[in-house]
Every structure is written in structure tokens, then in C-alpha cells.
Amino acid sequence: MRNPQRIQRSPRRSKASKQPKKARQYHSKTIEIDNLTFDSQTEGLFYIHLKKDPAVKNIEVQPVYQIIESYEVTCKRCSGTGKRPSPKTGNPINCTLCNGKRIREKSGAKYTADFKVTYIDGFVEIIDIKGGPVTRDFPLRQKLFELKTGMELIVIRLKDKEWVRE
């Protein structure tokens, strides 16, 4: 008869012992110029570049745009009835998720660009500066912004000491 070898298994970790995933970090350092705080040094350098341009009339830093309006959905906990069974007695009680209103309001979504630049001739550009890789949701936010505003979102990178439009 063969000797069965014991296979040692690593002890299972409970969900509570798992470490949360760390957010991605792009190692950008904030910088302050003219009492304005920029999210990265690249943004600060582009701001200086814009200030030197004689064709620029106005620079708005970090303008916010509503790309998805707030909306309502049917409450998932009470299935739109406004009541749910009590876990102890089974009697109907008011749903605490929707407060008996049967619907919940969701906040929508906002997009914050890096710059809104107005030129002397009245032309307006919305600019987003990218110093590193884009996040996974950026292409979708860009499309939603363009759909909502009807304006193209200009993406600019600093490559070989030159500002390049993508």
C-alpha cells in the first residue's frame, strides 16, 4: 500500500482579514501658482503657458459640468411598495432606504475639466491635461461631456518639452 502524502493547504482567510485594494496612484504632486492649486505639475506648467499666450482672454481653472442629470429609480429593497417585512416579526414596516416614497433619487454625474479657455476672438476651448495614463472611465466621461455640451474636449500632453493635442 502507498503512503498517502499529506497536502498542506494554506489557511483560508476570512473576508474581514483581506486587505482592501489600493487606489491607483500616478505620483502627481500638487503645485500652487498665483494662489491656485493644480493637481499636477504638468497642469501648472500648462497654466503658465496659457498666461503667456497673447491670444488668451480668460482662463477658468477646473470648471465643473453636469454630464448626467439626477434621476429616480424604483427602490430595490421594497420593490417600489414603500413597505418591507420586518426581519423580526414579519409585519410590514416602512422601508428605510426610500423612506416609504417608493422611489430613490440618484445624484447623476459631474465632470471637472482642467481649463476653460476663452480667446480674444470669442472662441472657447475645454482642455484636459494628461501627464500619465488615462483612467479607465475617462473615454466614457469624455464622450458624455461632448454629448451633453456639444463641445469637443481637447486632451493635451507634454511630450519632449512640447504641448501636443491628441
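Among all residue pairs at least 6 apart or on different chains, which show Cβ distances below 8 Å where the first residue, located in the range 66-84, is more than 14 Å from ARG104 (Cβ to Cβ) and the second is part of a loop (DSSP other than H, G, I, E, B)? That search, which allows pairs on different chains as well, returns GLN66/GLY108; ILE67/GLY108; ILE68/GLY108; GLU69/GLY108; LYS83/CYS95; LYS83/GLY100.
Among the residues in the range 115-124, are any in contact with a Ser or Thr (Cβ under 6 Å, 6 or more places away or on another chain), within 23 Å of THR37 (Cα to Cα) and either surrounded by 12 or more Cβ atoms within 10 Å (Cβ to Cβ) or not hydrophobic (A, V, I, L, M, F, W, C) (or both)? Looking through the range 115-124, at least one residue is in contact with a Ser or Thr (Cβ under 6 Å, 6 or more places away or on another chain), within 23 Å of THR37 (Cα to Cα) and either surrounded by 12 or more Cβ atoms within 10 Å (Cβ to Cβ) or not hydrophobic (A, V, I, L, M, F, W, C) (or both). Among the candidates LEU50, LEU45, the residue that is of a type outside the set (Lys, Arg), out of contact with any strand residue (DSSP E or B) (no Cβ under 6 Å at 6 or more places or on another chain) and either modelled with pLDDT of 85 or more or not in a helix (DSSP H, G or I) (or both) is uniquely LEU45. Look at (1) touching a strand residue (DSSP E or B) at 6+ places or on another chain (Cβ under 7 Å); (2) under 19 Å from LEU153 (Cβ atoms) and you find that ASP39 fails only one, number (1).
Of all the residues in the range 121-159, those that are basic (Lys, Arg) and under 16 Å from the mean Cα position of the chain (by Cα) number 4.
For (1) over 20 Å from TRP163 (Cα atoms); (2) touching an Asp or Glu at 6+ places or on another chain (Cβ under 7 Å), each residue gets a yes or a no:
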{"residue": "ASP53", "(1), (2)": "no, no"}
{"residue": "SER70", "(1), (2)": "yes, yes"}
{"residue": "LYS88", "(1), (2)": "yes, no"}
{"residue": "PHE123", "(1), (2)": "no, no"}
{"residue": "ASP128", "(1), (2)": "no, yes"}
{"residue": "ASP137", "(1), (2)": "yes, no"}
{"residue": "LEU140", "(1), (2)": "yes, no"}
{"residue": "GLU146", "(1), (2)": "yes, yes"}
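Inspection of the range 109-120 identifies at least one residue that is outside any strand (DSSP E or B), assigned by TED's automatic domain parsing to the domain that holds TYR47 and charged (D, E, K, R).
Number of residues in the range 86-129 that are touching a Leu at 6+ places or on another chain (Cβ under 9 Å) and in contact (Cβ under 8 Å) with a residue 40 or more places away in the chain: the value is 8.
Every residue in the range 131-165 that is in a loop (DSSP other than H, G, I, E, B), closer than 23 Å to GLN41 by Cβ and in contact (Cβ under 8 Å) with a residue 24 or more places away in the chain, please. Hits for the range 131-165 are GLY131, GLY132, PRO133, THR135.
Based on what the data block shows, is LYS57 in a strand (DSSP E or B), over 20 Å from the mean Cα position of the chain (by Cα) and in the same structural domain as PHE46 (by TED's automatic domain parsing)? Yes.
The values are calculated or read from the model by the stated rules, or taken from the named source; none is laboratory data. Values in this document were obtained by computation on a predicted structure and should not be read as measured data. Virtual Cβ from ideal backbone geometry, glycine too; neighbours counted across all protein chains shown.
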